[in-house]
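The values are calculated or read from the model by the stated rules, or taken from the named source; none is laboratory data. The structure displayed is predicted, hence computed values, not measured ones. Positions of Cβ are generated from backbone atoms using ideal geometry, with glycine treated the same way; all protein chains shown enter the neighbour counts.
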Amino acid sequence: MIRLHDSATQEVVPLQLRDEGKVSIYVCGPTVYGPPHIGHGRSVLVYDVLRRYLTWRGLEVTFVSNITDIDDKIINRANDENRDWSDIAVKCESVWWSAMDRLDALRPDLIPRATEYVEQMVQLIADLVDGGKAYETTDGVYLSVEEVEGYGLLAHQSLDDLRAGGGDRDLVGEEKRHTADFALWKRSKPNEPSWPSPWGNGRPGWHTECVVMSLDLVGEGFDLHTGGLDLMFPHHENERAQAVAMGKTFARHWMHHGFVELEGEKMSKSLGNVKNLLDLTDEYDPRAYRLLVLQSHYRSPMELTEENFGHVLAALSRLDAFARRVDDLDGDPDADVLAQFQAAMDNDLDTAKAVDLLFRSVRDANTALDNDDRTAAAAAAGAALEIAGALGLRLGGVDTEVPDEIVALATERGKARADKDFARADALRDQITAAGWSVEDSADGPVLVPIS
Ligand SMILES: [Zn+2]
């Protein structure tokens, strides 16, 4: 049984599906106004792993992730740069997908864009106004949270607490009935992009986009609504509020992942440039980021350091060497290991444990091969490759490019070893190390890994 932490109940609970054998997932996608950063990367990787795992478990997954292609941030940038807002959205979206492709994240099954749904959003808002759940102000239309049963489910706060805490501060005066009331429709200023509505030309609020697109594409009572912790409140709370105000059931289960932190001051100069996901994947094998994400629990904060990148790059190199070494082995994967993998992943996606099992199977397979036990090696290797595949970790193909002079030194060292001239082999190893590379011997020859 798959169990996941539900942000609404704050407990790890069985994933109760709406339709047997099928999972519908809606992930809040990016607002496309700039390059994707490392936090986006973690989000995409966490839910890519979830999706792949659920598929591996035999479930039919429908994965929807939207593009917010109209928003204040896009408009502000357009004004600053004197460009067309839609040009920014289109270009930033294309950059987004190229970054996600580098991360080897599967494209969503459906990718709704907010601007394609404005008419449906206007209809929803009109229904909410008609039903007395929303009201018009001088700058747009607001949802009245006091009209919503159970508002505060994800905030884990009562309406009184929320009132004390303040809320949307962009509306001055007494027009808002409650500080947590939020804009469904924003009247546009001159020269801003706008769509017609009964409340004047304007554009929909962000929270209205996702509720309309999710209900349209995965329907009432869909299984999983996910995103970063920062989206839980107010974004997800407010999406839900609109559905509830319409008398509709919304997500059955809420899942949120933790933040990414770059290591402190000391090292930030070297890592400072990798906040941008494209820079990060230029700098490092993109699989390194996936492996780092897998090694942290999705709900925990995750710290990126040069050191942990160094560790995973070395680990990837060993995994690649392993994949090449076991390429010709044939046999059934170790069922016991796969059962342990499934138990770990079923337990709120314990990817760190899954990665431990992967490495343990690799060690077991290598040891068995060293002992010429090809049957045991095939079982362990089969399990390792199956786990790597289920986690979306591609092995064997990608290598860090090693400079020619380092390859030459490693070849020299190989000859020295073959001649049993170990003093010379050691001296060459020292030279390779001094140049920033470590060398390990495998059945396929030397494996060179950059030392971080
Ligand atoms: Zn959303």
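Scanning the range 339-372 for residues that are at positive phi and of a type in the set (D, E, K, R) gives Asp348, Asp372. Among the residues of this structure, Tyr53 does not count as one that is within 16 Å of the ligand (Cβ to nearest atom), in the same structural domain as His225 (by TED's automatic domain parsing) and either within 14 Å of the chain's Cα centre (by Cα) or not acidic (Asp, Glu) (or both).
Return yes or no: is Val447 buried (at least 18 other Cβ atoms within 10 Å of the Cβ), out of contact with any Asp or Glu (no Cβ under 7 Å at 6 or more places or on another chain) and not hydroxyl-bearing (Ser, Thr, Tyr)? Answer is no for this residue. Within the range 66-77, residues that are in contact (Cβ under 8 Å) with a residue 24 or more places away in the chain and closer than 12 Å to Trp206 by Cα have Cβ atoms under 7 Å from residues that are in a helix (DSSP H, G or I) and polar (S, T, N, Q) in these pairs: Asp69/Thr115; Ile70/Thr115, counting only partners at least 6 apart in sequence or on another chain. Just one of the listed residues (Leu154, Leu110) is within 16 Å of the ligand (Cβ to nearest atom), within 29 Å of the chain's Cα centre (by Cα) and surrounded by fewer than 18 Cβ atoms within 10 Å (Cβ to Cβ), and it is Leu110. Considering each residue of the range 288-307 in turn, none proves to be in contact (Cβ under 8 Å) with a residue 40 or more places away in the chain and within 13 Å of the ligand (Cβ to nearest atom). All conditions in (1) in contact with a helix residue (DSSP H, G or I) (Cβ under 9 Å, 6 or more places away or on another chain); (2) at negative phi hold for Ser94, with the sole exception of (1).
If only one of Gly58, Gly34 is outside the structural domain of Ala354 (by TED's automatic domain parsing), modelled with pLDDT of 95 or more, more than 16 Å from the ligand (Cβ to nearest atom) and not acidic (Asp, Glu), which one is it?
Result of the check over Gly58, Gly34: Gly58.
Here the range 220-237 is the region considered, the condition is being more than 9 Å from the ligand (Cβ to nearest atom) and crowded, with 22+ Cβ neighbours inside 10 Å, and the residue that is farthest from Leu50 (Cα to Cα) is Glu237.
Within the range 198-219, none of the residues are more than 10 Å from the ligand (Cβ to nearest atom), in a strand (DSSP E or B) and within 24 Å of the chain's Cα centre (by Cα). Here Ile25, Ile2, Ile75, Ile38 are screened, and the one residue that is closer than 30 Å to Lys189 by Cβ and surrounded by 14 or more Cβ atoms within 10 Å (Cβ to Cβ) is Ile75. Residues in the range 240-254 include none that are modelled with pLDDT under 95, closer than 23 Å to Leu45 by Cα and away from the ligand (no atom under 11 Å from the Cβ). Of all the listed residues (Leu294, Leu349), the sole one being out of contact with any Phe, Trp or Tyr (no Cβ under 9 Å at 6 or more places or on another chain), at pLDDT 95 or above, buried (at least 18 other Cβ atoms within 10 Å of the Cβ) and of a type outside the set (Asp, Glu) is Leu294.
Of all residues in the range 311-330, those that are closer than 19 Å to Pro286 by Cβ have Cβ atoms under 8 Å from Cβ atoms of residues that are in a loop (DSSP other than H, G, I, E, B) and of a type in the set (Phe, Trp, Tyr), 6 or more apart or on another chain, in Leu313/Tyr284.
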